[in-house]
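What follows is a set of notes on a single structure, which appears directly below.
Derivation of every value follows stated rules applied to the coordinates shown; laboratory data play no part. The shown structure was predicted, so the numbers you read here are calculated from the model rather than taken from an experiment. Cβ sites come from the backbone with ideal geometry, for glycine too, and all protein chains shown count toward neighbours.
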Amino acid sequence: MEVIIKPTAGDASLIAAKLIARQIRHKPTSVLGLATGNTPLDTYRHLVKMHQGEGLDFSRVTTFNLDEYVGLAPDHPASYHSFMWEYLFKHVNIKPLQVNIPNGLAKNIPEHCREYEDKIRACGGIDIQLLGIGGDGHIGFNEPCSSLSSRTRIKTLTRRTIQDNSTFFDSAEQVPLHVLTMGIGTIMDSRSCVLLAFGTRKAEIVAKMVEGPISAMVPASALQWHEKTTVLIDEEASGKLTRKDYYQWVYQNKPAWQTAEIES
Ligand code: F6R
């Protein structure tokens, strides 16, 4: 797990976008794992700018989103389908058939989840997975206590997540109780992960994820076991890390070629 602390969320988001853009340029048929929520919004803005200004080409890219609410039609304004088209897909040249988001209206949920997993495998697996983190340590919608080897399935949101996500709805009562989410095992199979976390609100859970024990009670802590995870945070989210100086020291003293792989 590499921890990179940048002064602002904007700086960290630019690096996330550069990592994704680098992946696409290196392999135009890349498979991206994507997240929704407030955290990745700036990253998507940067990717849109890179497409419009630098010709970043999404035409051969395939995407898989982490999650979707059960019972919301794709065109519901708070669905993750709507979110992704609004903030990324409609602004770039991605082919709609290469966009994959769990179907919250699937009739046979277990079968749909198995097919989602099969499709990820058939596409060669996820090259780079973008992640946020919930205040309770969830990644995707793998709430505390999720199996660390779980696959795509239905989950029940915690009261806290319902409250946190209610900003995308008119009221907390409208947030669906159930979601479909890639499992922690699914996320762990990605060849690389980039996790973003911003603000003091995330400081405590970031410290638990990075420096606490690996535990199903903090699902994101499973990433300590992942071969290539970059945790990109702002100053505020770094406030509770005990080894913050060391992470900064490592970053400042990277060989130039390593810095270039991240920042260029
Ligand atoms: C959304 C997702 C969630 C969010 C998390 C943080 O697709 O996978 O794990 O990343 O709930 O949400 P924000 O970014 O709104 O704080």
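Each residue, GLU115 and LEU97, gets one label point 7 Å from its Cα in the Cβ direction; the gap between the two is 1.6 nm. Per-residue extension of 0.36 nm, minus the Cα-Cα distance of GLU173 and SER59, leaves a gain of 37.2 nm for this segment.
Compute the Cα gyration tensor for segment 101-176, then decide on rounded, prolate or oblate, letting a ≥ b ≥ c be the square roots of its eigenvalues: rounded whenever a/c is under 1.5, prolate when a/b is larger than b/c in the other cases, and oblate in all that remain. Here segment 101-176 falls in the prolate category.
Listed by chain and number, the lysines whose C-alpha is less than 26 Å from the C-alpha of LYS18, apart from same-chain residues fewer than 8 away, are LYS6, LYS27, LYS49, LYS90, LYS95, LYS202, LYS228, LYS244, LYS254. Using all pairs of distinct alpha-carbon atoms, the Kirkwood hydrodynamic radius of the chain works out to 18.5 angstrom. Over the chain, Cα pairs under 8 Å with separation of 6+ residues give a relative contact order of 25 percent. Only aspartates and glutamates eight or more places from LYS240 in sequence, or on another chain, were considered; those with a Cα closer than 14 Å are GLU204, GLU211.
Tally the DSSP beta bridges in the chain and give the antiparallel ones as a percent, rounded to 5. The partial results should precede the final answer.
Values: 9 of 30 bridges.
Of all bridge pairs located within the chain, approximately 30 percent are antiparallel.
By the equivalent-ellipsoid construction on the alpha carbon gyration tensor, segment 1-122 comes out with semi-axes of 25, 17, 15 Å, ordered largest to smallest. Taking every DSSP helix (H) stretch of at least 4 residues in the chain, weighting each as -39,500 (n - 2.57) and dividing the sum by the residue count yields a mean residue ellipticity at 222 nm of -10500 deg cm²/dmol.
By definition, a body whose alpha carbon gyration tensor gives a ≥ b ≥ c is oblate when a/c is 1.5 or more and a/b is not larger than b/c, and segment 110-253 fits this oblate description.
How long is the gain from LYS107 to LYS228 if the chain were fully straight, where each residue apart is worth 0.36 nm and the alpha carbon distance is subtracted?
Values: separation 121, 0.36 × 121 = 43.56 nm, distance 3.58 nm.
Extra length available between LYS107 and LYS228 comes to 40.0 nm.
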